[in-house]
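Below: one structure, written as structure tokens.
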Amino acid sequence: MKIALDTGEHWFDPNTSVVFEEATWWDGSNHVSKATGSQWDHQRLYYTSSANWVLHEWSQWEGVGDAYQQITDAEATKWLMVNRGFEQEGFDELPENVRSTVEQLMNEMEV
């Protein structure tokens, strides 16, 4: 299964990618996405087999389609920090150099 990025120039296969799910919190009535701050809008992060980060955004609002965009290491690291991706099983599946880069960026962002 191949999914085209929004630019239309590239694609990726989610089945060969490492996936990170958004974290949520319970507001007393609904699960709210920590990534978007919404109960309706959601995100998922992929690390592709071609060593790129792809952010998948979707909504439960009728008529709103899915979006897939490539993001930078810094943007992915920030997303992982917000969504506690470094605690997810997939983090250990990332190549060592990628884990090191993410950990270094996390340290820089916390300063």
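Nothing in this text is a laboratory measurement; each read-out follows from the coordinates by a stated rule. These numbers were taken from a predicted model, which means no experiment stands behind them. Virtual Cβ from ideal backbone geometry, glycine too; neighbours counted across all protein chains shown.
Structural remarks
To keep it simple, each residue is scored yes or no on (1) among the small types (Gly, Ala, Ser); (2) in contact with a strand residue (DSSP E or B) (Cβ under 6 Å, 6 or more places away or on another chain).
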position: Met1; (1), (2): no, no
position: Asp6; (1), (2): no, yes
position: Thr16; (1), (2): no, no
position: Val19; (1), (2): no, yes
position: Ser59; (1), (2): yes, yes
position: Val64; (1), (2): no, no
position: Tyr68; (1), (2): no, yes
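- Subset of segment 29-48 (residues that are among the polar types (S, T, N, Q) and either touching a Leu at 6+ places or on another chain (Cβ under 9 Å) or within 17 Å of Thr101 (Cβ to Cβ) (or both)): Gln43, Thr48
- When residues of segment 55-95 are limited to those that are of a type in the set (Gly, Ala, Ser) and surrounded by 15 or more Cβ atoms within 10 Å (Cβ to Cβ), the one nearest to Trp25 (Cα to Cα): Gly85
- Taking the listed residues Lys2, Lys34, the one that is within 27 Å of Glu110 (Cα to Cα) and either under 12 Å from the mean Cα position of the chain (by Cα) or among the basic types (Lys, Arg) (or both) is Lys34, with no other qualifying.
- Taking the conditions (1) touching a residue at least 24 places away in the same chain (Cβ under 8 Å); (2) more than 20 Å from Ala4 (Cβ to Cβ) in turn, Asn52 satisfies each one other than (2).
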